[in-house]
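Below: one structure, written as structure tokens.
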Amino acid sequence: MSLIYRKVRIYLPGIVTTFFIALISFFIGERIPLVGASIFALLMGILLNLLIQEKSRLSSGLKFCSKTILKIAIILLGTGLSISQIVVVGKYSLYVMVFTLLSAFGSGYILGKLLKVNWKMSTLISAGTGICGGSAIAALSPTIDADESDIAYSIAATFIFDMLMIILFPIIGRLLGLSDLAYGLWTGTAVNDTSSVVAAGYAFSNAAGEFATIVKLTRTLSIIPIVFLFSLLGTYKKQRESRETTNPYNNTGGVWNRRGYLLKIAPWFILLFVAVALINSLGYIPVEVSKSLKVVSKFLMAMALGAIGFNTDLQKVVKAGINPMILGFLVSAIVAVVSLLVQFSLGQI
């Protein structure tokens, strides 16, 4: 009992702090839905990081929220998804999504090298742009062991361009004479965060908004293969590094324990995310329960991002400079153009 009490005493201050960050962020986010609670939580965490010098009492709870609570939030995100949505959206949207994902990660890798952006940040920016903004960044970050500063900067980069897309997409869509279907497909595959997709979609028409939302939710499912792919890539990179330096995961007398490291970084939470999505697809989660769990997921995500903001090393963010923002802009522009070109090749435009 005393052990549990000690654990509670260690973790509670940080957890309570992030809980109130999420509570305030939700209150503000309800009134400014285009920005959303998660972004407010991240910004509030960064602000508190500047204001509070002594963080030792909060550190354990903040770490728990930024790691464990984050994974629980991602798992519960699956309650709002349905594998059957793939069938509803159809083969054209899936075809477009394959090309936008390839262009996001391909251009992110090449341009990241040219702009000298570290591979973790460039990967997170690519994931945020190609998949679903902050949720994808949050899901991928534990797998590649990203720093809080990488996560915070990547979310900020994708958020800024989301705001621009909300304004520009309806204007460009009308200038190009896009149909509701074509515009919804373009918005659903090129705009990042769900709230931004909804805003940009319905700004064009109700039909376009509905289609964009379905495409966006289906696009979120690509988190699953991407996270597993990068867990394998992380193992490969660690194996290559182990040939040159002494590895902390080496427990076998000089031979790197590849299996042990893979088990350590394997995205087990994504398996639970898939399981929850499948259960929801089969109709075993009542609609009202699903809605409630989605709210809980968003609240936990706000707690996690508040903790990430609180733990962000602002010196690293400043040191990163403007190049990650430039990378975010270029990758976003490339994805938007590729989405239109693929639709044009399919005769959708």
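Here are some notes:
- The residue that is surrounded by the fewest Cβ atoms within 10 Å (Cβ to Cβ), counting only those in the range 19-70 that are part of a helix (DSSP H, G or I) and charged (D, E, K, R), is 31.
- Taking each residue of the range 183-210 that is under 16 Å from residue 159 (Cα atoms) and touching a residue at least 12 places away in the same chain (Cβ under 8 Å) and looking for partners that are among the basic types (Lys, Arg) and in a helix (DSSP H, G or I) with beta-carbon atoms closer than 6 Å, six or more apart or interchain, yields 188/216; 194/216; 197/216.
- For the range 148-182, the candidate set comprises residues that are free of Cβ contacts under 8 Å to residues at least 12 places away in the same chain and in a helix (DSSP H, G or I); within that set, the residue that is surrounded by the fewest Cβ atoms within 10 Å (Cβ to Cβ) is 175.
- Within the range 110-147, considering residues that are in contact with a Gly (Cβ under 6 Å, 6 or more places away or on another chain) and at pLDDT 90 or above, the one surrounded by the fewest Cβ atoms within 10 Å (Cβ to Cβ): 122
- Every residue from the range 106-143 that is hydrophobic (A, V, I, L, M, F, W, C) and within 14 Å of the chain's Cα centre (by Cα): 121, 124, 125, 127, 131, 132, 136, 137, 138, 139, 140
- When the range 40-60 is filtered for residues that are small (Gly, Ala, Ser), closer than 13 Å to residue 13 by Cα and touching a helix residue (DSSP H, G or I) at 6+ places or on another chain (Cβ under 9 Å), the ones remaining, listed by number, are 59, 60.
- For the range 185-196, residues that are out of contact with any Gly (no Cβ under 6 Å at 6 or more places or on another chain) and either of a type in the set (A, V, I, L, M) or modelled with pLDDT of 85 or more (or both) total 6.
- Of all the numbered requirements in (1) crowded, with 17+ Cβ neighbours inside 10 Å; (2) of a type in the set (Val, Ile, Thr); (3) at pLDDT below 80, residue 79 misses one, and that requirement is (3).
- Test: residue 18 is over 30 Å from residue 329 (Cβ atoms), modelled with pLDDT of 90 or more and of a type in the set (Val, Ile, Thr): yes
- Assessment of the range 50-62 against the conditions (under 15 Å from residue 134 (Cβ atoms), among the aliphatic types (A, V, I, L, M) and at pLDDT below 90) yields no matching residue.
- Filter pass, residue 107 being in contact (Cβ under 8 Å) with a residue 12 or more places away in the chain, hydroxyl-bearing (Ser, Thr, Tyr) and surrounded by 24 or more Cβ atoms within 10 Å (Cβ to Cβ): no
The values are calculated or read from the model by the stated rules, or taken from the named source; none is laboratory data. Because the structure is predicted, anything quoted here is derived from the model rather than measured. Note that each Cβ is placed from the backbone with ideal geometry, even for glycine, and that neighbours are counted across all protein chains shown.
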